[in-house]
1. How far apart, in nm, are the 7 Å Cα→Cβ label points at residue 44 and residue 226?
2. Normalising by the residue count of the chain, find the relative contact order in percent from Cα pairs under 8 Å and 6+ residues apart.
3. Note down the magnitude of the dipole of region 143-259 about its Cα centre, charges +1 on Lys and Arg C-beta and -1 on Asp and Glu C-beta and zero elsewhere, to the nearest 20 debye.
4. Need the C-alpha centroid separation for region 39-62 versus region 288-305, integer Å.
5. State, as an integer percentage, the relative contact order of region 253-394 based on alpha-carbon contacts under 8 Å between residues 6 or more apart.
6. As an exercise, use a Förster radius of 41 Å and the Cβ-Cβ distance of residue 254 and residue 218 to find the FRET efficiency, rounded to the nearest 0.05.
7. Just to verify a number: FRET efficiency for residue 106 and residue 55, C-beta to C-beta distance, R0 = 22 Å, to 0.05?
8. Can you tell me the orientation of helix 323-333 relative to the chain, as the angle in degrees between its alpha-carbon axis and the longest Cα principal axis, to the nearest 10?
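Only the coordinates and a few stated rules stand behind these numbers; no lab work does. In this text the structure is predicted, and so the values were computed from the model without any measurement. Neighbour counts run over all protein chains shown; Cβ positions are idealised from the backbone, glycine included.
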Amino acid sequence: MRTKSVILLCVIFSVCFISCKTEKESASENGLKWSEKLAETIMNEAPELWQVEGSTKKRWEYTKGLMGTAFMELYSVTDKKLYLDYAKTYTNALLNDDGSIKGYRMSSYNIDKINSGKMLFPLWKQSGDSVYVKAIHLLRKQLETHPRTSAGGYWHKKRYPHQMWLDGLYMGAPFLAEYAKEFNDPESLDIAMNWLIVMEQKARDANTGLLYHGWDESKAQKWADKNTGCSPNFWGRGMGWYAMALVDVLDFVEEHPSKDKVLAIVNRLAEAIVKVQDKESGVWFQVLDKPDTNGNYREGSVSAMFTYFLYKAVYHGYIDRGYLANANKAYGGIINHLIKTKADGGIALSPVCAVAGLGGKPYRDGSVAYYINEKKKDNDPKGSGPFILAGIWCEKCNENRN
């Protein structure tokens, strides 16, 4: 009897091991499945998109726009109307009939407010409803007078004068590029391309190839290096925002005098980030170059953003196809190390840094200690949105594997 029990246990263990191994090995070939699973979890937790993050008030926020973009992308590849309908629960709640946006104040000159404008383009094309066009033009109007540095990049916010943050490139540059294409406005594309270029010029570290989170042209901030104006560390998600901005802007660039410069940035960035990719798990740390620092951790949003960047850049031929191995390792690493199953059967990307910035009150100094001690959340939109997008591009890349 004991022998039979031992044999039975061995069989069960073998089946479980093979099952786990098979799921791990196939993770990079089932991206869409994981994207839809997380989308289902999000819709169950927040019946309308404006409720994501537990929101009780309807606000025009970049995180909701990021999720809206992810759901619109899911709709485009699955043709499942529930994803379109879910995205529209946000715009239905926030847009007035004249294209004005509830709670939006242009005078605050907050670059984050532009991001949700990106989901308006596919909604307009899908429906033909002019309300989306009116809202798009309203957001573009902000960028006519939004303060800029002498190099041409936009201030992150009016209350952060003379500062460009990596985050801001994702919020504004792809919007400008798509606006340029849809409304035959070459100046908008010129601004977007220049912004990408000057951000790298100001924030890139020559030794590592990584980019510092922020740059203060005035060098007045306590976090700013008195010689370079850069903040002191390489925050993962900051670089993730910038990486996604690069490949998203290029979606709308056919010919442009600066295209080769931007493609060169894409290649430099890919080379730099794979050097700090965790060899064991395949994902990335909250502070990129300090994996051994006590308290530093493998973080969900940067891992999803870099994975999306690598897949999309490989797919379009911007970088060598050899990077597909890095992307697949990263995606498998997210599934195996950063995705957990919830009690209700849903899934959660964990941990995700809840928020990080520079300056303000209380003052954020950009130190390693600051970044690693910020709050963490499960399924924060800044991680779950890019994870959904990464899964979509994972599927596309591996379907076209040679």
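1. That separation, rounded to one decimal, is 5.6 nm.
2. Worked out over the chain, it gives 18 percent.
3. 780
4. Region 39-62 and region 288-305 have Cα centres spaced 26 Å from each other.
5. 26
6. Taking R0 as 41 Å, the efficiency between residue 254 and residue 218 is 0.65.
7. 0.50
8. Helix 323-333 sits roughly 60 degrees off the main axis of the chain.
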